[in-house]
Amino acid sequence: MPHKQSYCGIGQNPRKTIPFLHLCKPRPFLMSKVKTLGQFIIEKQTDFPYAKGELSRLLRDIGIAAKIVHREVNKAGLADILGDAGETNVQGESVKKLDVFANEQFIAALSVGGECCAIASEENEDIIPIDTPQSKNAKYVVAMDPLDGSSNIDVNVSVGTIFSIYRRVSLSGPGTVQDFMQRGTEQVAAGYIIYGSSTMLVYTTGKGVNGFTLDPSIGEFCLSHPNMQTAKSGKIYSINEGNYVHFPDGVKKYIKYCQEEDKATKRPYSSRYIGSAVADIHRNLINGGIYIYPTTASSPKGKLRLLYECNPIALIIEQAGGKATDGRHRILEQEIKTLHQRTPFFAGSADMVEMAGDFMSKYSG
Ligand code: AHG
Ligand code: MN
Ligand code: MN
């Protein structure tokens, strides 16, 4: 693996490093070896010479909300929190109770934190301007998908949170819609939380990607995946093939290419699709692969949202050495005109995204 392990052996494959599983005794907990998210953020503040700690505090607030959502996700089967909330959101999708809960937690954490002057969320049609005494001098706005992969909540499959942080362009007072109408290249930081077999927070401030695993016993995110890099090419393609007949020809031909036999390029590739973009992206980031959500009949502009799904994921993927496009052009350079704007999305290992792009230019004009 390209990243080194630094925390209690997380991420190591015991079958590779230790021949017998029964020899894999639990290791003593060495506090000196653990670097918490809080410690890491403070250390990294010196990367930005004029930083006054606002971004650090904002990331810390996101970490706190993530822990609360983790707690609810983990007891979702016990608590009365599964299922529909009985509403539809601005995109006409049915809203799950956990969508509502996660949205409220992140809004609360960002509102009281004092560093954020407006929030844009998948669950809210308009922005949420923050007008509190603490946020008077806030410099940042946050766009988020509080709960990604909602359809997986009720069936105990990984879900996530995605966030994207911009410096405001408005001058003072609560933030405005204009603060969010910035290209993805302007993101100051971005990340995701995956609530999976363990909960991880992965983020970037434009200087590489680092992953932290939540140790529930101490309630801290601990650095487990420093300097994450994705492979130039992989063996996994992730796409909802149920929509095949509606895909553009370029995508259809690329899928056929993935399925062809060819020893030199290790094809056929494996198909893996969870249906939570965070989980599919996280797996492919670690193992190498491509994620595609193209245009379809029901989503003629693509399904995923540029502001709070594609841009933050694209920044992470690029910072890890991969690529993210709409099939032709770089995601991070797309012009944004509305909060809930959709785009086709191709992201992952650089060679695979390029190859899919070649198929798109050749067969889809
Ligand atoms: P959300 O739950 O935030 O609406 O996002 C769901 C997204 C994405 O996470 C996932 O990859 C995709 O929708 C799944 O869509 P299909 O069920 O159409 O494949
Ligand atoms: Mn989503
Ligand atoms: Mn969502």
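Please treat every number below as a calculation from the coordinates, not as lab data. For clarity, every value in this text was computed on a predicted model and none was experimentally measured. Positions of Cβ are generated from backbone atoms using ideal geometry, with glycine treated the same way; all protein chains shown enter the neighbour counts.
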Dmax and Rg, reported as Rg then Dmax, of the stretch 276-329 (C-alpha, Å): 11.2, 32
Estimated Rh, the stretch 171-266: Kirkwood, alpha-carbon pairs, angstrom: 17.8
Pair Arg167, Lys33: separation of 7 Å Cα→Cβ label points (nm): 4.0
Spacing of the two label points (7 Å from each Cα toward its C-beta) at Lys52 and Asp84, in nm: 4.8
Net lengthening on full extension, Ala108/Glu125 (0.36 nm per residue, minus Cα-Cα): 4.4 nm
Pairwise centroid distance, computed over Cα atoms, of the stretch 182-233 with the stretch 31-65, Å: 13
Spin-label model distance (nm) - Ile42 vs Ser299, 7 Å beyond Cα toward Cβ: 4.1
The stretch 344-365 versus the stretch 99-117: alpha-carbon centroid distance in Å: 36
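Can you tell me what the convex hull of the Cα atoms of the chain projects to on average, as an area in nm²?
Working: hull surface 77.9 nm².
Dividing the Cα hull surface by four gives the mean projection, 19.5 nm².
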Net lengthening on full extension, Ile336/Ile68 (0.36 nm per residue, minus Cα-Cα): 93.3 nm
Percent breakdown of C-alpha pair distances by 5 Å bin, ordered from the shortest bin, for the stretch 83-143: 4, 20, 26, 20, 14, 10, 6, 1
Debye-sum result for the stretch 36-225 in log10 I(q)/I(0), which assumes one identical scatterer on each alpha carbon, at q = 0.08, 0.12, 0.13 Å⁻¹: -0.25, -0.57, -0.67
